[in-house]
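Peer 1: Quick one: the structure is below, questions incoming.
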Amino acid sequence: MMNKFFKTFMAAAGLSLVFALPAQSAVISWTTDVPAADTGVPSPTNAVGTVYENLTASVPNEYRSPWQGTALDGIGTYTSVQKDSYASYAFDMGYYAVDFMWGSVDGYNGLEFYYQGNWVDALHGDDAQLSSVSNGLGFIVASIMATGVFDEIRFTSDSNAFEYANLTVSAVPLPAALPLYGAGLAVLGFFGWRKRRKSAALTA
């Protein structure tokens, strides 16, 4: 009885540890293909500091349109998060991925992912995954997969600005409880396998 209780306790403790540990870095893929249309950016749920929305023109040394050099230059809208500021987007369920047009990728641009107020993951412009991107010039169309479910994204900037357009989260959200449910099933399956293996060994 005590042995069974200990196993259950250790399984629960292990699960708690897994879900308490923060992920180290989100995974990003990108292209430099020009989007066919300006699909806009939703208004932030919360903005701290200075966040400009629905800009079309660039201001030298302050913020630059991601659409610069494309057919939508001066027409396409975008959001610009200024120095020491962030724009937060909160959702009513959990997601794993976000897509957007990232203008002038810089090391001081950052994304932070949260779930129920707890930090989940992050990715910054100086991440090694972005080493081949020309910093400060042009744009990328980024697809970022967080290593955990999130219900809030923060676009942060430590200097000048973080400019972005065409922001969408994954079209197929995953239920927030799914990772926990799956891990629980895996633990139960493991102990069931061990029990069957021990029984087989005793009867052999």
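Peer 1: Quick one: in the stretch 122-170, of everything that is hydroxyl-bearing (Ser, Thr, Tyr) and in contact with a Lys or Arg (Cβ under 8 Å, 6 or more places away or on another chain), which residue is farthest from residue 39 (Cα to Cα)?
Peer 2: Here the answer is 159.
Peer 1: Could you pull out the residue among 61, 54, 46, 3 that is at pLDDT 95 or above and over 22 Å from the mean Cα position of the chain (by Cα)?
Peer 2: Answer to the check: 54.
Peer 1: Given the residues 186, 176, which is the only one that is at pLDDT below 95 and either in a loop (DSSP other than H, G, I, E, B) or surrounded by 15 or more Cβ atoms within 10 Å (Cβ to Cβ) (or both)?
Peer 2: It is 176.
A quick yes/no check of all residues on (1) farther than 28 Å from residue 114 by Cα; (2) touching a residue at least 60 places away in the same chain (Cβ under 8 Å):
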site	(1), (2)
43	no, no
51	no, no
61	yes, yes
73	yes, no
80	no, yes
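The values are calculated or read from the model by the stated rules, or taken from the named source; none is laboratory data. Source: prediction; values computed, not measured. Positions of Cβ are backbone-derived with ideal geometry, glycine not excepted, and every protein chain shown enters the neighbour counts.
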